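The values are calculated or read from the model by the stated rules, or taken from the named source; none is laboratory data. What you are looking at is a predicted structure, and each value in this text was computed from that prediction instead of being measured. Every residue, glycine among them, receives a Cβ derived from its backbone with ideal geometry; neighbour counts consider all protein chains shown. Quick note on the areas: whole protein, heavy atoms, side chains included, nothing else; ligands and nucleic acids left out. Shrake-Rupley method; radii C 1.70, N 1.55, O 1.52, S 1.80 Å.
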Amino acid sequence: QVRLVESGGGSVQAGGSLTLSCAASGLTYSTYSMGWFRQAPGKEREGVALIYSGGGSTYYASSVKGRFTISQDNVKKTTYLQMNSLKPEDTAMYYCAARQGGLRSDYHEYNDWGQGTQVTVSL
């Protein structure tokens, strides 16, 4: 069974940086799309950054372009989210997700999820 485990969340001041990690097991890594989603109180779950190595494609939400970078380590089967210049509006629970095939921004199309890691950005 697919297992995804997130780590790296925490509390930082505005302008700071964090790197999230998602360790995957039980899947053929190169055939999956991996994504980072987030959900804040009163808001829908949104796709933050997605990557599909097989198609050489990525996706970033407009609100994080230029600040966040998604990357992969194929040996460790780990997906990273480097977050720079963090803002209070980035505060949310961040989830790692996986699906078979290409990129999709709708969270309903992802079948496998991690437990989430909290990111809190303060003034």
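Can you tell me which of S71, S63, S105, S85 is assigned to a strand (DSSP E or B), open to solvent by 10 Å² or more (accessible area, probe 1.4 Å) and either in contact (Cβ under 8 Å) with a residue 12 or more places away in the chain or touching a Cys at 6+ places or on another chain (Cβ under 7 Å) (or both)?
Numbers: S63 fails: assigned to a strand (DSSP E or B); S105 fails: assigned to a strand (DSSP E or B); S85 fails: assigned to a strand (DSSP E or B).
One residue alone meets the criteria, S71.
Can you find even one residue in segment 91-100 that is part of a loop (DSSP other than H, G, I, E, B) and at positive phi? Working first, answer last.
Step one: filter segment 91-100 for residues part of a loop (DSSP other than H, G, I, E, B), giving 91.
Of the ones still in play, those that are also at positive phi are none.
Within segment 91-100, not a single residue is part of a loop (DSSP other than H, G, I, E, B) and at positive phi.
Only one residue in A98, A92 is modelled with pLDDT of 95 or more and closer than 15 Å to L27 by Cβ. Which one?
Of A98, A92, the one residue that is modelled with pLDDT of 95 or more and closer than 15 Å to L27 by Cβ is A98.
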